[in-house]
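Everything below concerns the one structure shown next.
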Amino acid sequence: MAYPLQLGFQDATSPVMEELLHFHDHTLMIIFLISSLVLYIIMLMLTSKLIHTNMMNVQEMEMIWTILPAIILILIALPSLHTLYMMDEINNPLLTIKTMGHQWFWSYEYTDYEDLAFDSYMITTDSLKFGELRLLEVDNRMVLPTDLPVRVLVSSEDVLHSWAVPSLGLKTDAIPGRLNQVTLTSMRPGLFYGQCSEICGANHSFMPIVLELVPLKYFESWSASLA
């Protein structure tokens, strides 16, 4: 999860988030180089009193400053498309969970099991235990196995919501009457926090999401205890 005064992204937990971080660093370096070059040229123009009249109409220079930006855009577009297709790819998920947004809580239904469904409400400040995070803890966490592809179907029963977990690179809208889907694969166990990222009403900021990623044998024990 994020920590105070953090300026960058959260640590990546899924392959998709790792690709997003790489693309962000790749694009940021290109922007930094372009900004440095433009700043250098502006400083030269402001400090130099020499003007060469032959530079006023040079076809070669015009070709360079037309072709160079096109090449830069291609260098940005190719990894962007690669990451975009990775995020939309569905590779034989072994577990499917239906997530429904309500005002103002989430409900989860494990569709591969008969009667495994529950609601997830935020724990109020006066009910928190020592070490729990204010406005982020829930009474029922979404428990998932690690190292397995999981499909999450997202929808809403009232207004627009958005199901987002930054460390996994997940964010999809929950729209009434529409079913969106995302896939996730966690490479390590742990607790991962998210929140509703859509302004859905008065208690918009009180719809936390908590994913508890555990090894498969612990997930099987947990599901058997609730069945």
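The values are calculated or read from the model by the stated rules, or taken from the named source; none is laboratory data. A quick note: this is a predicted structure, and the numbers were derived from the prediction, not measured. Note: ideal-geometry Cβ built from the backbone for every residue, glycine included; neighbour counts use all protein chains shown. Quick note on the areas: whole protein, heavy atoms, side chains included, nothing else; ligands and nucleic acids left out. Shrake-Rupley method; radii C 1.70, N 1.55, O 1.52, S 1.80 Å.
Across the range 151-189, what is the number of residues that are in a loop (DSSP other than H, G, I, E, B) and open to solvent by 70 Å² or more (accessible area, probe 1.4 Å)? So that I can check it myself, show each step before the final result.
Quick first cut of the range 151-189, residues in a loop (DSSP other than H, G, I, E, B) only: 157-160, 169, 175, 177-179, 185-189.
If we keep only those that are open to solvent by 70 Å² or more (accessible area, probe 1.4 Å) as well, we get 157, 160, 177-179, 187-189.
The total comes to 8.
Taking the stated definitions as given, is Thr172 free of Cβ contacts under 8 Å to residues at least 40 places away in the same chain, of a type outside the set (Asp, Glu), within 28 Å of His24 (Cβ to Cβ) and assigned by the TED database to the domain that holds Trp104? In short, yes.
Can you say whether Lys49 is open to solvent by less than 90 Å² (accessible area, probe 1.4 Å) and of a type in the set (Lys, Arg), as far as the supplied structure shows?
Values: open to solvent by less than 90 Å² (accessible area, probe 1.4 Å): no; of a type in the set (Lys, Arg): yes.
For Lys49, the condition - open to solvent by less than 90 Å² (accessible area, probe 1.4 Å) and of a type in the set (Lys, Arg) - is not met.
Is it the case that the range 86-99 has a residue that's open to solvent by 80 Å² or more (accessible area, probe 1.4 Å) and in a helix (DSSP H, G or I)? Yes, that holds for at least one residue. If you check Leu33, Leu75, Leu7 for being modelled with pLDDT of 90 or more, within 28 Å of Thr185 (Cα to Cα) and either assigned to a loop (DSSP other than H, G, I, E, B) or more than 19 Å from the chain's Cα centre (by Cα) (or both), only one passes: Leu75.
Residues are listed down the side, and each one gets a yes or a no for (1) closer than 21 Å to Thr13 by Cα; (2) not aliphatic (A, V, I, L, M):
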site	(1), (2)
Ile123	no, no
Lys129	no, yes
Glu137	yes, yes
Val143	yes, no
Ile175	no, no
Ser186	yes, yes
Pro189	yes, yes
